[in-house]
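In what follows, a structure is listed as C-alpha cells, so that the remarks can point back to it.
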Amino acid sequence: MPDPLLVIGAGLAGCEAALAAAAQGVPVLVREMKPLAYTPAHHSPLMGELVCSNSLRSDDPTSAVGLLKLEMSLLGSAVMRAARATAVGAGKALAVDRQAFAALLDQALRGHPLITLESVAVAELPREGLCVLASGPLTTPELAADLARLTGQEGLHFYDAIAPIVSADSVDMAHAFWADRYADGEGDYLNCPLSKEEWQAFYQALTTADQVPLKDFENPRFFEGCLPIEVMAGRGEKTLLFGPMKPVGLVDPATGRRPHAVVQLRKEDHEGRLLNLVGFQTKLTHPAQERVFRLIPALASCEFARLGSIHRNTFIDAPRVLTPDLRLVSAPQVYVAGQLSGVEGYVESAASGLLCGLNAGRRARGLEPLLPPPTTALGGLLGHLGNTVTKDFQPSNVNMGLLPPLPPSPQRLSKKQRGVELARRALADLLAWMEQSGLTPAMQPPSL
Ligand SMILES: Cc1cc2nc3c(=O)[nH]c(=O)nc-3n(C[C@H](O)[C@H](O)[C@H](O)COP(=O)(O)OP(=O)(O)OC[C@H]3O[C@@H](n4cnc5c(N)ncnc54)[C@H](O)[C@@H]3O)c2cc1C
C-alpha cells in the first residue's frame, strides 16, 4: 500500500482532496485543527463547513459555475454528491442545508476505512512525503509563515482588496480607446474617458454608495498602495483625479482633447478577453458596484466577470510558485488546494481540491498527473492559476472568459448562446479526455 497522503485542513478543498485520493486506494491522514481551534470564520466542529452563504451559485450547466459543478460531478466529486443530497429550494441556484451538508462530508471522512483524522493545528509543512495543503484563506499565521518561507515572502499575499473584471467584448468601444500614457508603450490600456459632467455624476454616486460592512477580524486598515476606490474618493475629489483616474498623458481620439478623468482597463489574460479596472479595488456592495461603475460611459452595459471585494485572504502567487498540476515549485511534494491556491469561491475551492486529490493519489500510485483540457471549466481555472500575464495575480471565480474563445461564427452569439456552445464543447472535451485517461464518468452525462 502507498505511504499515506497528508491533507492539511478539512474545509471544502481538503475534504474533496482526501476523498478523491482515498477513492484510489491511497491511505490519507487528515490534520484539521477543529475542534481544538477555529479560524474567525469557522464555528462548526464538522468538516466541510460553509463559512458564509449556503449557496453554491448557479446550477445552470451553461453558466461557468454550473459547468464547473457538472464537470466535478462527472469526476465523482464528494462535495457535489453531498450538495445534491442536501439541496434546498433556491430557484436556479444550488443551495444546501449547511448543517446536513457538512454532516455528510464529516461522515464520509470519518467513516472511510482509508482515512484517519487528527485534530491538530499544523505549524509547518512536511519537508518529505506527499501532502495537500488546504488550510484555506484564514490559514493560521504560523503555517502561513512557513509557506512564505517555502515560496519566498513575495509569493505569499495577504490581500484585502480586489478590483472588478469585465469581459472585453462588452465594453462600448465608441467610448473607449487603446493607448498608454504619453504614447509610451504598445497601447496596453483600454482607456474609458469621462467628461466633467460624467465625472461629477460618477463621483457623487461613488461617495454615497453602500459598502459591505467588514467583519471584526477583517482588518479595516488598508495598504496605502491598495486603497479601495471609495476610500480614496472619500479623501476628496482630487485624490482620484491625481490617482487611478488621472487623465495625464492621454488624448481622447473622439474629441482630440485630454479627458477630464479616465478609467484604465488592463488585460487579465493572454488574449485580452477579460479586462481589470485598474485601481478599482472596492468594498462597495455588488448592486452598488454595478450601478456606480456603469456610470462610466464605456461600461454602461458591460458584463462583469467578477465584481470587486474585500476580505482578509491568504493566497499564493500561483503563476509563479505552482507547477501546472498545483504543486509548489520549491517543494514539489506539496500540492496546494482551495482558496489558498488562488481560486475564489466554495465550488472553485472544492474543484481545485478534487484535482489535487486526484493527482496526489495518482502520484502516490506512481502514475502521471492528469490535467483536464483548457476548454473545460476545470481547465480554465488551472489556466488562471498558471496565467503569468498578470503581474499582480489575484484569485478568481470561474468564468467563461477563462476558456479559449469559440471559433468565429457567422452571426454574433448572445451571451446565453455563447454559454451553451462553450458548455457543449467543454462537456465533449471533458468526456473524451476522461475516456483517454481511463476515468469513468460518475454519472450519466446530460445532453446540453
Ligand atoms: C469570511 C469569508 C466568507 C466567505 N464567503 C463565501 C461565500 O459566501 N461563498 C463563496 O463561494 N465563497 C466564500 N468565501 C471564499 C471561499 O470560498 C471559502 O473561504 C472556502 O471555504 C474556501 O475553501 P477552502 O477549503 O480553501 O478553505 P476552508 O473552507 O476555510 O477550509 C480550511 C480548513 O483548514 C483549517 N485550518 C486552517 N489552518 C490550519 C492549520 N494550521 N492546521 C490545521 N487546519 C487548519 C480550518 O479550520 C478549515 O477547516 C468566503 C471566505 C471568507 C474568508
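Checked against (1) farther than 30 Å from residue 3 by Cβ; (2) surrounded by fewer than 17 Cβ atoms within 10 Å (Cβ to Cβ); (3) in contact (Cβ under 8 Å) with a residue 40 or more places away in the chain, residue 412 passes all but condition (3).
For first residues located in the stretch 243-264 and part of a strand (DSSP E or B), partners that are open to solvent by 40 Å² or more (accessible area, probe 1.4 Å) and lie 6+ apart or on another chain with Cβ distances below 6 Å form the pairs 264/189.
One line per residue, one yes/no per condition, for (1) more than 16 Å from the ligand (Cβ to nearest atom); (2) touching a Ser or Thr at 6+ places or on another chain (Cβ under 9 Å); (3) not polar (S, T, N, Q):
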site: 110; (1), (2), (3): no, no, yes
site: 116; (1), (2), (3): no, no, no
site: 130; (1), (2), (3): yes, no, yes
site: 137; (1), (2), (3): no, yes, yes
site: 152; (1), (2), (3): yes, yes, yes
site: 162; (1), (2), (3): no, yes, yes
site: 166; (1), (2), (3): yes, no, yes
site: 169; (1), (2), (3): yes, no, yes
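Residue 401 falls short on exactly one of the conditions (1) over 15 Å from residue 324 (Cβ atoms); (2) open to solvent by 30 Å² or more (accessible area, probe 1.4 Å); (3) not aliphatic (A, V, I, L, M), and that condition is (2). Out of all the residues in the stretch 87-94, is one or more modelled with pLDDT of 90 or more, within 25 Å of the chain's Cα centre (by Cα) and open to solvent by less than 40 Å² (accessible area, probe 1.4 Å)? Yes. One residue stands out in the stretch 320-346 among those that are within 16 Å of the ligand (Cβ to nearest atom) and open to solvent by 10 Å² or more (accessible area, probe 1.4 Å): the one that is nearest to residue 152 (Cα to Cα), namely 322. Please specify each residue of the stretch 8-36 satisfying the condition of being out of contact with any strand residue (DSSP E or B) (no Cβ under 9 Å at 6 or more places or on another chain) and either over 17 Å from residue 356 (Cα atoms) or surrounded by 24 or more Cβ atoms within 10 Å (Cβ to Cβ) (or both). 12, 16, 20, listed by residue number. Elements of the type strands (runs of 3 or more DSSP E) sitting completely within the stretch 1-107 and holding at least 1 residues that are more than 14 Å from the ligand (Cβ to nearest atom): these cover 5-8, 28-32. For the stretch 347-398, the set of residues classified as within 19 Å of residue 17 (Cβ to Cβ), of a type in the set (D, E, K, R) and open to solvent by 10 Å² or more (accessible area, probe 1.4 Å) consists of 362, 363, 365, 368, listed by residue number.
The values are calculated or read from the model by the stated rules, or taken from the named source; none is laboratory data. A quick note: this is a predicted structure, and the numbers were derived from the prediction, not measured. We place every Cβ from the backbone using ideal geometry, glycine too, and count neighbours over all the protein chains shown. Surface areas here come from the heavy atoms of the whole protein model, side chains and all, with no ligands, DNA or RNA. Shrake-Rupley method; radii C 1.70, N 1.55, O 1.52, S 1.80 Å.
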